[in-house]
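J.: Quick one: this structure, given as structure tokens, is what I'll be asking you about.
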Amino acid sequence: MKILVINSGSSSLKYQLFDMKKGERLAKGLIERIGCGGPKDHTEALKKVVADLGAPKDIDAIGHRVLHGAEIFKDSVLVTKSVLATLDKLVKFGTLHMPPNIGGIRACQKIFKGVPNVAVFDTAFHQTMPDCAAMYAIDPKYYKKMGIRKYGFHGTSHKFITAEAAKFLKKPLARVNLVTCHLGNGSSIAAVKNGACVDTSMGLTPLAGLVMGTRCGDIDVGAVLSIMEAEKKTPEEMDALLNKKSGLLALAGSSDCRDICAKAGKGDKQAELALEMLAYRTALYIGAYNTVIGGADAIVMTGGIGENSSEVRERIVKRLGALGIKLDRKANKIRGSLGVISTKDSKIPVVVIPTNEELAIAQDTARIVGR
Ligand code: ADP
């Protein structure tokens, strides 16, 4: 069985082709500059994918990464006419990402006639959050009228590493308690109780929570209002400032954690502060979520930083002594592979598990089309 996975963004389209029987990735590619020098739209971009793949006739299903499923899609779903109509209504939850996500699905319907499409949502895994975690303490009319609440993102990754962690810990998925940390350019943490998400650090949008590459994460809304007022910024300008020009980039001049580590190593004070802020806030969430789930079986780290950066992992784990967690500095040298980085006598193991969002989308697609 062959599954094509599509991640369709505003100006680029990433794809991977999997052979599910063999559990192998057959191809991977990126089409760039859609609508700005490259293919004129997503249909043209997909024609390029078809050409790159040698006009395959044996694709069984296509899985699409979709940013937002709101409260409607609690799981991945087979795309039908009515699902597409519903997705169109959810554009308000992600005006930047949803149109190209949906555009990618429509383009596939045209190019791969008769092949089933499955939408896999970044928000779905977090739909099990209880109201006390998901609601904001504002007039409930904003939830009722506009759906303003916490949704969370990176769900595909949190779900994937939850399943992998359960296997690794030899615990049934329905009984595993974890704090899962996806630390990449965008970062989020989830509290997982009995295999299901009960809280997560991102919110209505991916802006909330941890210190990220270009996003500020948690901030007093009063500070946002003060800046808007003082500099007469529009909501769009403020959105760009907080999402694209904040985080590590604003603090220390680069959104790339490797650059920040290198700068800190040379004694750059701002880079040092940026790393400590990142580690501090991550540890803060780990402590809180460990309480929320009544004690974790493991802390799991993944994403570009979580999988690769010994330095950031060390800075985080050093702050978790109150939980009886101890770092094994030698084991912490691992990069991009599965392994325990805490000592044998650590009260809670810290496990690095590489994520694979594309494979997770392919697996979900296979499940939904029932093969
Ligand atoms: P995205 O959120 O875009 O998928 P990734 O998960 O690929 O991002 O993570 C990108 C981040 O991972 C960058 O900040 C990068 O610096 C960091 N990273 C990747 N490899 C290393 C490494 N060896 N050491 C430190 N940071 C790393």
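J.: Out of the residues in segment 280-317 that are away from the ligand (no atom under 16 Å from the Cβ) and at positive phi, state the one that is most open to solvent (accessible area, probe 1.4 Å). First the steps, then the outcome.
T.: Here is the first cut: in segment 280-317, the ones away from the ligand (no atom under 16 Å from the Cβ) are 280, 283-299.
If we keep only those that are at positive phi too, we end up with 294-295.
Details: GLY294: 67, GLY295: 27 Å².
Looking at the filtered set, the residue picked out is GLY294.
J.: Please name all residue pairs, on different chains or six or more residues apart, with Cβ atoms under 6 Å, provided the first residue is in segment 245-274 and is in contact (Cβ under 8 Å) with a residue 60 or more places away in the chain and the second residue is in a helix (DSSP H, G or I) and near the ligand (Cβ under 9 Å from one of its atoms).
T.: Close Cβ pairs satisfying both conditions: SER255/LEU248; ALA274/LEU248; ALA274/ILE260.
J.: Can LEU26 be described as farther than 19 Å from PHE121 by Cβ, touching a residue at least 24 places away in the same chain (Cβ under 8 Å) and not polar (S, T, N, Q)? I'd like the intermediate steps shown before the answer.
T.: Numbers: farther than 19 Å from PHE121 by Cβ: yes; touching a residue at least 24 places away in the same chain (Cβ under 8 Å): yes; not polar (S, T, N, Q): yes.
When the stated conditions are applied, LEU26 passes them.
J.: So, in segment 332-353, of the ones that are within 26 Å of ALA271 (Cβ to Cβ), of a type in the set (A, V, I, L, M) and out of contact with any Asp or Glu (no Cβ under 8 Å at 6 or more places or on another chain), which residue ends up most open to solvent (accessible area, probe 1.4 Å)? First the steps, then the outcome.
T.: So the first thing to find is which residues in segment 332-353 are within 26 Å of ALA271 (Cβ to Cβ), and the list is 332-336, 341, 350, 352.
Checking the rest, the ones that are also of a type in the set (A, V, I, L, M) come to 334, 341, 350, 352.
Those still in the list that are out of contact with any Asp or Glu (no Cβ under 8 Å at 6 or more places or on another chain) too: 334, 350.
Details: ILE334: 42, VAL350: 1 Å².
The residue in question is ILE334.
J.: Please go through segment 172-204 and give me each residue that is within 15 Å of the ligand (Cβ to nearest atom) and surrounded by fewer than 23 Cβ atoms within 10 Å (Cβ to Cβ), ordered by number.
T.: Result: GLY184, ASN185, GLY186.
J.: Sticking with this structure for a sec: Enumerate the pairs (first residue in segment 215-240 and more than 19 Å from PHE93 (Cα to Cα) and assigned to a helix (DSSP H, G or I); second residue anywhere and open to solvent by less than 90 Å² (accessible area, probe 1.4 Å) and at pLDDT 95 or above) with beta-carbon separation below 6 Å, excluding pairs fewer than 6 apart on the same chain, so at least 6 apart or on different chains.
T.: Every condition considered, the pairs that remain are MET228/MET238.
J.: Applying the selection to segment 248-279, what residues are more than 9 Å from the ligand (Cβ to nearest atom), outside any helix (DSSP H, G or I) and at negative phi?
T.: The first filter runs over segment 248-279 and keeps only residues more than 9 Å from the ligand (Cβ to nearest atom), leaving 249-253, 262-279.
Going one step further and asking which of them are outside any helix (DSSP H, G or I), we end up with 253, 266-268.
Selection gives LYS266, ASP268.
J.: Are any residues in segment 338-360 in a loop (DSSP other than H, G, I, E, B), more than 12 Å from the ligand (Cβ to nearest atom) and out of contact with any Phe, Trp or Tyr (no Cβ under 8 Å at 6 or more places or on another chain), and if so, which ones?
T.: ILE341, THR343, LYS344, ASP345, SER346, LYS347, ILE348, PRO349
J.: A follow-up question, please. Take the conditions open to solvent by 60 Å² or more (accessible area, probe 1.4 Å), away from the ligand (no atom under 13 Å from the Cβ) and among the small types (Gly, Ala, Ser) and apply them to SER226. Does it pass?
T.: Here the answer is yes, as SER226 does meet what is asked.
J.: On the basis of being modelled with pLDDT of 95 or more, open to solvent by 60 Å² or more (accessible area, probe 1.4 Å) and in contact with a Pro (Cβ under 9 Å, 6 or more places away or on another chain), does LEU17 make the cut?
T.: Details: modelled with pLDDT of 95 or more: yes; open to solvent by 60 Å² or more (accessible area, probe 1.4 Å): no; in contact with a Pro (Cβ under 9 Å, 6 or more places away or on another chain): yes.
The answer is no for LEU17.
J.: Given the conditions (1) open to solvent by 40 Å² or more (accessible area, probe 1.4 Å); (2) in a loop (DSSP other than H, G, I, E, B); (3) among the small types (Gly, Ala, Ser), which single one is not true for ALA70?
T.: Result: ALA70 fails condition (1) only.
The values are calculated or read from the model by the stated rules, or taken from the named source; none is laboratory data. Nothing here was measured: the structure is a model prediction, and the numbers come from that model. Every residue, glycine as well, gets a Cβ built from its backbone with ideal geometry; the counts of neighbours run over all protein chains shown. Accessible surface is based on the protein model in full, side chains and every heavy atom, while ligands, DNA and RNA are left aside. Shrake-Rupley method; radii C 1.70, N 1.55, O 1.52, S 1.80 Å.
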